[in-house]
1. Taking the stated definitions as given, is Ile64 in a strand (DSSP E or B) and either open to solvent by 60 Å² or more (accessible area, probe 1.4 Å) or touching a helix residue (DSSP H, G or I) at 6+ places or on another chain (Cβ under 8 Å) (or both)?
2. Could we say that Asp50 is surrounded by 18 or more Cβ atoms within 10 Å (Cβ to Cβ), acidic (Asp, Glu), in contact with a Lys or Arg (Cβ under 8 Å, 6 or more places away or on another chain) and assigned to a strand (DSSP E or B) here?
3. Write out, first by first residue and then by second, each pair whose Cβ atoms fall under 7 Å of each other, whose residues are 6+ apart or on separate chains, and whose first residue, in segment 20-40, is in contact (Cβ under 8 Å) with a residue 40 or more places away in the chain while the second is among the small types (Gly, Ala, Ser) and not in a helix (DSSP H, G or I).
4. Of the residues Ala59, Ala12, which is open to solvent by less than 40 Å² (accessible area, probe 1.4 Å) and in contact (Cβ under 8 Å) with a residue 12 or more places away in the chain?
5. Can you report the number of residues in segment 5-47 which are within 24 Å of Val90 (Cα to Cα) and in a loop (DSSP other than H, G, I, E, B)?
6. Can you name every residue in segment 64-96 that is farther than 11 Å from Leu10 by Cβ and in contact with a Gly (Cβ under 8 Å, 6 or more places away or on another chain)?
7. What number of residues in segment 67-82 are farther than 13 Å from Ala26 by Cα, touching a strand residue (DSSP E or B) at 6+ places or on another chain (Cβ under 6 Å) and either in a strand (DSSP E or B) or free of Cβ contacts under 8 Å to residues at least 24 places away in the same chain (or both)?
Amino acid sequence: MADDRGFDMLVAVVGDGEAELVMQAAKEAGASGGTIISARGTGSPNSKKDIVLILTSNAKRQGILQAISFGADLNSDGRGIAFSVPVDDVVGIISI
C-alpha cells in the first residue's frame, strides 16, 4: 500500500559475505543499487555481519523486501533479518 511519503529504506542484516545474495535479489526485483556496511554482531564473539541499505520508492518496497527474503533465505533460522523504515525527506536523488 503506497502512501505520500515516497521513499523507504530497506535494511538487511545478514552473515558476513551474504550481502551479494541480498543485492542480487534486490536488483532483480527493481532496486537500482544499495550500500553494504561491514559490522560486528553482539550475539557471539567475532560475529561478523553485512548490513545492506537500499533506498527505494514506496511502490517497490514490498516486492524488493520479498525478493530479499526469498533470495537470501531469510525465512530459515539464523540467516538474517530484513525490514523497512519510512523515509520522510531525501536530497541528492534524481530517480529511483
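1. Numbers: in a strand (DSSP E or B): no; either open to solvent by 60 Å² or more (accessible area, probe 1.4 Å) or touching a helix residue (DSSP H, G or I) at 6+ places or on another chain (Cβ under 8 Å) (or both): yes.
Against the criterion (in a strand (DSSP E or B) and either open to solvent by 60 Å² or more (accessible area, probe 1.4 Å) or touching a helix residue (DSSP H, G or I) at 6+ places or on another chain (Cβ under 8 Å) (or both)), Ile64 does not qualify.
2. no
3. Taking only residues 6 or more apart or on different chains, the pairs are Leu21/Ala72; Val22/Ala12; Val22/Ala72; Ala25/Ala72; Ala26/Gly34.
4. Working: Ala59 fails: open to solvent by less than 40 Å² (accessible area, probe 1.4 Å).
Result: Ala12 is the single residue among Ala59, Ala12 that is open to solvent by less than 40 Å² (accessible area, probe 1.4 Å) and in contact (Cβ under 8 Å) with a residue 12 or more places away in the chain.
5. 8
6. Ala72, Leu74, Arg79, Gly80, Val90
7. 2
The values are calculated or read from the model by the stated rules, or taken from the named source; none is laboratory data. This structure is a prediction, so every number in the text was calculated from the model and none was measured. Every residue, glycine among them, receives a Cβ derived from its backbone with ideal geometry; neighbour counts consider all protein chains shown. Calculation scope for accessible area: heavy atoms of the full protein, side chains included, ligands and nucleic acids excluded. Shrake-Rupley method; radii C 1.70, N 1.55, O 1.52, S 1.80 Å.
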